[in-house]
Amino acid sequence: MKELGVYIANIMPLIPASDRCVTASNVLRMLSVCLAKIGLRNFFGAARTSGMVADFGNCVRRRKIMKTVTYYYFAYGSNLNWAQMMQRCSSPQKLGVACLQGYKVEFYGYSAAWDGAQETVVPELQSEVWGVLYQLQVFDWESLDVYEDARLNGTGAYFHYPVQVVNLKQERINAIIYKKNILNEATLPSTEYLNFIVQSGREQGLPIEYLTLLQNRETRPASYAVPLLQNSRSNWVSKTCIDCGQ
């Protein structure tokens, strides 16, 4: 981690002041884009490569990453809810309904916010997961990461996972989802949480047959009023099974 800190310190002066964000996560997002552009696969190996810092600086200046890079995010859980997305992100763009083929929704771990298991996707060849495709800017991703407990060191409840989804025009689109990092044994979501997902999917126009399958999943009632929200994004609590001892 010391090497990473030194590398970031070398990179920051190369970013124009008008494009800077002081958070390390945004720097790492820019790194991932630029490393892909210049063909370097191993991050720490790249940090030792002669001329790497200069290459990164050129990439930042050329593409103006902080202002122009957008990501496609496929939501299949509570972020189906448009009002919630508007509250969590500054400028999300809804692109429409899409389908992730070869996966199914399952529930694992524990969320204090909903007093039950959290959704994720697991491979299943003949299944499909329906959701909504959003276009997000870098800062929207960072905001969502706080809510979803997606951490840079991989210890959070979720991590970014690349997938390919199909929209209603049968176009294949590369997107990112939140996928659970630790599964262990499948557990039950709260009834309130599943109802929130299904209702949000209904409002977004997801297929009725798919929503019916979700609605028929086994649940248990929450033991307290949910969702349990914090006063600010920085204090958002989302516990994994490790955190709560489940």
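The values are calculated or read from the model by the stated rules, or taken from the named source; none is laboratory data. Predicted model, so just to flag it, every value in this text is computed and none were measured. Every residue, glycine among them, receives a Cβ derived from its backbone with ideal geometry; neighbour counts consider all protein chains shown.
If we keep just the residues of segment 208-239 that are at pLDDT below 90 and closer than 21 Å to V198 by Cβ, which is farthest from the chain's Cα centre (by Cα)?
We begin by selecting, within segment 208-239, every residue at pLDDT below 90; these are 229-239.
From what is left, the residues that are closer than 21 Å to V198 by Cβ are 229, 238.
Values: L229: 19, S238: 14 Å.
Checking each candidate, the answer is L229.
Here is a list: Y193, Y158, Y210. Which entry is closer than 17 Å to S78 by Cα, in contact with a Gly (Cβ under 7 Å, 6 or more places away or on another chain) and hydroxyl-bearing (S, T, Y)? Please lay out each step first, then the result.
Numbers: Y158 fails: in contact with a Gly (Cβ under 7 Å, 6 or more places away or on another chain); Y210 fails: in contact with a Gly (Cβ under 7 Å, 6 or more places away or on another chain).
When all the criteria are applied, what remains is Y193.
I need every pair where a residue in segment 208-227 that is assigned by TED's automatic domain parsing to the domain that holds S111 has its Cβ under 9 Å from the Cβ of a residue that is of a type in the set (K, R) and exposed (fewer than 15 other Cβ atoms within 10 Å of the Cβ), sequence separation at least 6 or different chains.
Sorted first by the residue in segment 208-227, then by its partner, the pairs are I208/R202; L211/R202.
Among the residues of segment 118-135, write down those that are in contact with a Cys (Cβ under 9 Å, 6 or more places away or on another chain) and either surrounded by 22 or more Cβ atoms within 10 Å (Cβ to Cβ) or not assigned by TED's automatic domain parsing to the domain that holds L194 (or both).
Step one: of segment 118-135, the residues in contact with a Cys (Cβ under 9 Å, 6 or more places away or on another chain) are 128-131, 134.
Residues satisfying the conditions are V129, W130, G131, Y134.
Report the residue count in segment 136-181 for those that are surrounded by fewer than 16 Cβ atoms within 10 Å (Cβ to Cβ), touching a residue at least 60 places away in the same chain (Cβ under 8 Å) and either on the phi > 0 side of the Ramachandran plot or part of a loop (DSSP other than H, G, I, E, B) (or both).
Number of matching residues: 2.
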